[in-house]
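This report refers to the structure that appears directly beneath it.
The values are calculated or read from the model by the stated rules, or taken from the named source; none is laboratory data. What you see is a predicted model; the values in this text were computed from it and never measured. Methodologically, a virtual Cβ is constructed for each residue, glycine included, from the backbone with ideal geometry; neighbour enumeration extends over all protein chains shown. Heavy atoms of the whole protein, side chains included, go into the accessibility calculation; ligands, DNA and RNA do not. Shrake-Rupley method; radii C 1.70, N 1.55, O 1.52, S 1.80 Å.
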Amino acid sequence: MTMPLEDVRILELTSVLGGPLAGRLLADLGADVIKIEQPGSGDASRNLGPYFLNGESAYFLAFNRNKRSLTLNLREEQGLQAFYSLVQKSDVVLDNFRPGVLERLHIDHDTLKTLNPSVISASLSGFGQDGPYRERPAFDGVVQALGGAMSVTGKTGDDPLYMGFPMGDVGGGWGLAFGVLAALHERARTGEGKRVDVSMLDMQVSFQAHLGAFYLASGNVPQPIGSGHPSNIPAKAFLAKDGLWVQIHCSTEPFWFKTAEMVASEVPGFEDLPSDTRFTTAVARLENRDSLERLLAEAVSTKTRAEWETLFVDWDVPGAPINNIAEVFEDPQVLHRKMLVEIDHPTAGKIKTSGNPIKIGPEERFTPPPLLGEHTGEILREVAGYSEESIDAMRSAGAI
């Protein structure tokens with residue numbers, strides 16, 4: 001079986017999270033992703049804790065499967081020339097440098113397209129390649145703050161909260177991979193390699209979704225709403241009898257009435273809930289949000305989380321247990337979809353990691369994250385056409 005991107009070669013000049021995630025997403029779809037790392041040190045995440053498996057960083061292992069590692073010193077002339085040779089036989093160059101670094105290294109798009117007019121240069125940065133913020137440093141929390149995410153996370157009156165998932169970095173990685181796929185599609189039509197410029201802040205603004213649309217339509221600034229929703233009611237976390245939480249989220253009228261019928265049938269004392277005029281329309285539920293949430297909190301508190309989970313399924317109600325991370329990786333749907341996979345690593349042993357969320361056909365391939373420079377000789381011989389003598393000379397010069 002063929003993989004969708006198996007005829008695509010990508011040179012990845014990225015480190016830590018967003019850029020490596022983009023490379024991993026493309027590698028999972030079959031691309032030959034060559035991770036180019038600094039000799040002796042490599043991707044900074046190789047040394048990031050707190051967890052290591054036989055000396056291998058769990059952080060690095062999470063974002064670098066299905067890749068090959070080549071160590072190359074781009075500040076040394078032989079290393080730069082080797083990179084140019086690889087560019088001539090590659091489709092995409094990925095980076096997550098701050099703007100200006102590509103030009104200083106002489107690997108900017110204008111330079112690379114003189115070597116290979118069809119090459120795609122794709123960059124992920126905090127704020128993009130232009131604009132007043134282009135040279136400012138950015139990390140996940142910075143773009144969550146600037147993009148508005150922290151202003152709507154948590155509860156009104158509490159301190160601003162950082163999202164538990166690093167959506168600044170993750171969103172940037174997904175945006176970069178998406179941009180590469182679009183550029184590859186256009187190149188198939190035109191033969192021209194484009195410049196892809198993805199900003200973590202831009203991605204955060206796009207993630208505002210309906211909240212941004214609501215503000216632009218009304219002028220009202222969205223506020224944090226905890227586990228709720230500004231217009232879907234009821235939508236909230238409720239504490240079950242055993243001290244565990246469930247989430248109910250009714251986004252349509254039919255689902256609300258199913259939920260009301262479930263509570264009326266399963267919890268004594270709530271028989272009138274479906275016909276209560278305070279809750280029979282979306283407008284009425286919005287006006288009486290607090291009353292409805294108090295009633296549902298009382299009802300949910302009468303049964304355990306497991307009991308509610310069974311009832312949600314039996315009644316076809318949009319509700320679920322609020323899983324911790326351990327419970328996620330035990331969930332039967334997650335396991336069925338192969339979103340937990342095991343890979344044999346040469347030093348870390350058997351490692352478990354999240355699977356590929358993009359399902360295209362039955363076959364999935366997972367090779368272990370590479371050791372630093374593991375494929376240097378192989379890549380220089382097979383892709384760049386270097387002889388063993390040339391590779392030895394580069395090693396002696398500190399180019400690899």
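Points worth noting:
- Whichever residue in segment 267-277 is touching a helix residue (DSSP H, G or I) at 6+ places or on another chain (Cβ under 6 Å) and surrounded by 14 or more Cβ atoms within 10 Å (Cβ to Cβ) and, among such residues, is farthest from Val300 (Cα to Cα): Pro274
- Pair list, Cβ under 6 Å, 6 or more apart: segment 258-276 residue of a type in the set (Phe, Trp, Tyr), other residue at pLDDT 95 or above: Phe270/Val263; Phe270/Ala264; Phe270/Ala299
- Just so you know, in segment 151-178 the residues that are in a loop (DSSP other than H, G, I, E, B) and among the β-branched types (Val, Ile, Thr) include one that is surrounded by the most Cβ atoms within 10 Å (Cβ to Cβ), and it is Thr153.
- With respect to (1) within 20 Å of the chain's Cα centre (by Cα); (2) surrounded by 23 or more Cβ atoms within 10 Å (Cβ to Cβ), the lone exception for Leu70 is condition (1).
- Listed by first and then second residue, the pairs linking a residue in segment 366-380 that is farther than 19 Å from Leu21 by Cβ to a residue that is in a helix (DSSP H, G or I), with Cβ atoms under 6 Å apart and 6 or more places separating them unless they lie on different chains, are Gly377/Ile391; Leu380/Ile391.
- A residue that is part of a strand (DSSP E or B), touching a His at 6+ places or on another chain (Cβ under 7 Å) and of a type in the set (Gly, Ala, Ser) cannot be found anywhere in segment 236-245.
- Residue in segment 185-203 that is within 25 Å of Val221 (Cβ to Cβ) and open to solvent by 70 Å² or more (accessible area, probe 1.4 Å) present: yes
- Residue among Ala82, Ala27 that is assigned to a helix (DSSP H, G or I), closer than 26 Å to Phe178 by Cα and among the hydrophobic types (A, V, I, L, M, F, W, C): Ala27
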